[in-house]
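Input: a single structure, listed below in structure tokens.
The values are calculated or read from the model by the stated rules, or taken from the named source; none is laboratory data. Nothing here was measured: the structure is a model prediction, and the numbers come from that model. Glycine also receives a Cβ, built like all others from the backbone with ideal geometry; neighbour counts cover every protein chain displayed. The protein model used for the area step is the full one, side chains on, heavy atoms only, and it has no ligands, DNA or RNA in it. Shrake-Rupley method; radii C 1.70, N 1.55, O 1.52, S 1.80 Å.
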Amino acid sequence: MIAPGRPARALVAALLSLALAPAAASAQVFIASKPHPEFWIAPVFITANIDRKNVDDNPGPLTLVMSFSVAPPPARDPSEFAQDIYLLWPGELAGIDGADGADPILARQVESVGFKVLVHGRVPLSARSRAQMGTGAGAAARRRLEDASFVTFARPEGLARGAKPASYVRIPWKPELASLDWMARLDLPLRGAITPRRMSWLEETFWGRRYVITLSFGDVGYSSLYPLYFGNRDRVIPLAPDFSRLAINFAQSNHLKVDEVVPTTASRRMSETRENTDTFSVPLVAADGIVPQVLKVQFVYFRGRLPWRPILLSALVLGLGNLTGPIIGNLLRQLVRTLRGRVHVGRGDAPDRASGRVPAPETLAQIRPGETTYPEVRKLMGGDPDEEQRLPSGEIRAVTYRGQRMVPHRGRRFGWFATVSHWDVEHHEVQIDFEQERARDIQVRIRRARLTQPAAG
């Protein structure tokens, strides 16, 4: 029996103010019944077995398998250390609601620290012989031991703030726990081990809902766990330097898509004992003190041979783009033309729009008939006019400049914006006749028309 821990009330209050971590399927620490245990836990295998039904609507509890063994010192009889072993576990185990009928030893310990028993029950404790390890043999090959009792607890005010409950498991001592020929196994039905990943509706539409499962060991930083751990630090059983690991088995791996694995050093390989199953795993490293170690996988199961949703939606968007692209493009061009023709932005009047060569009256006034030469006219007017030559002498008889000017007529004004009621189109033609390389006559012809908006050109 464990003596109740005596953490200070101020410490407990401070712990409850810590930020709460997301729910995780995490085996944390083993605790002995007597202070300063002289043995270790090794090896430890924490395994989650997942298939499609675990992520369907209204899934039941996920059964996590924890296999472990007690490692006594060399040349010591394991019976010298025979005692119940306790396990601190974050999260809620599936059982019977309420405290009536709960293990009195467990209930007394959690209630002494101010927690309330929410759920209680028993989980199966069994043992597998080493001859059956790695064979994939089912429950019939295991030796059934006495069940382990548990309580799930929390503070009512902590639940109101979103704190996660935790569980306390009492594992009865059996000779198989410290045997070299057997390995003990606990089947823990955990609620909320798989959680949907937060994502936008657009991501979920294109890629489907993603799920996250997290396994960890040695993490006692939860507000529901730390008070019990703090009061029993002298009873924590260390992890021995042996081969231990966290592992997640995904059945139906041909329909599995994995988006992220933490840590990136985790290994992925096909299961040696399960058909069509991928296994993700990380080794558990023994260290002095409590060191959190985590394995997290973000995944989704898809139906059919391929993940059809992103492929189909991407093809649909591409097809609609090719189909509606020309239509939308024409509509946008028409909209831009309309806005440019009917809306003016700026403080002053809308400017004229000219094309071709439209000489200003001031320029024409500088041409003096009988005096201004052809080169001088070309220099004043610029551009490339149409020329009329006299054959066979090649003497230039006339040059003609043509251009167009669109003059907007402003309507109502709203600050920087003004409407354009209509456009006057002026077609200008200037003909300059020459005689003996000198300007003889200037003729200006202007034709006017009205448009609601300028042409595309």
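Summary of values
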read-out: Test item: Cα-centred dipole of region 144-205, Lys/Arg +1 and Asp/Glu -1 on Cβ, debye; value: 280 debye
read-out: Residue-span extension gain [residue 96 to residue 337] - 0.36 nm each, minus C-alpha spacing; value: 79.5 nm
read-out: Accessible area of region 23-112 divided out per residue, in Å², using a probe of 1.4 angstrom; value: 40 Å²
read-out: Segments 323-331, 168-176 sorted - mean Cβ within 10 Å per residue, highest first; value: 168-176, 323-331
read-out: Sequence of 272, 429 from largest to smallest accessible area, 1.4 Å probe; value: 272, 429
read-out: Where labels lie 7 Å past Cα in the beta-carbon direction, separation of residue 111 and residue 448 in nm; value: 10.3 nm
read-out: Relative contact order, percent, region 137-240 [alpha-carbon distance under 8 Å, six or more residues apart]; value: 21 percent
read-out: Accessible area per residue in Å² at 1.4 Å probe, computed on region 147-220; value: 43 Å²
read-out: Heavy-atom accessible area ranking, 1.4 Å probe, most first, across 275, 38; value: 275, 38
read-out: Portion, in percent, of the accessible area of region 118-192 that falls on carbon or sulfur, probe 1.4 Å; value: 50 percent
read-out: Heavy atoms of residue 243 accessible to a 1.4 Å probe, total area in Å² rounded to 10; value: 130 Å²
read-out: Cβ charges +1 (Lys, Arg) and -1 (Asp, Glu), total dipole of region 114-258, debye; value: 200 debye
read-out: Whichever aspartates and glutamates have a C-alpha closer than 16 Å to that of residue 34, once near sequence neighbours (fewer than 8 apart) are set aside; value: 80, 84, 234
read-out: Contour minus Cα-Cα distance for residue 287 and residue 268 (0.36 nm per residue); value: 4.4 nm
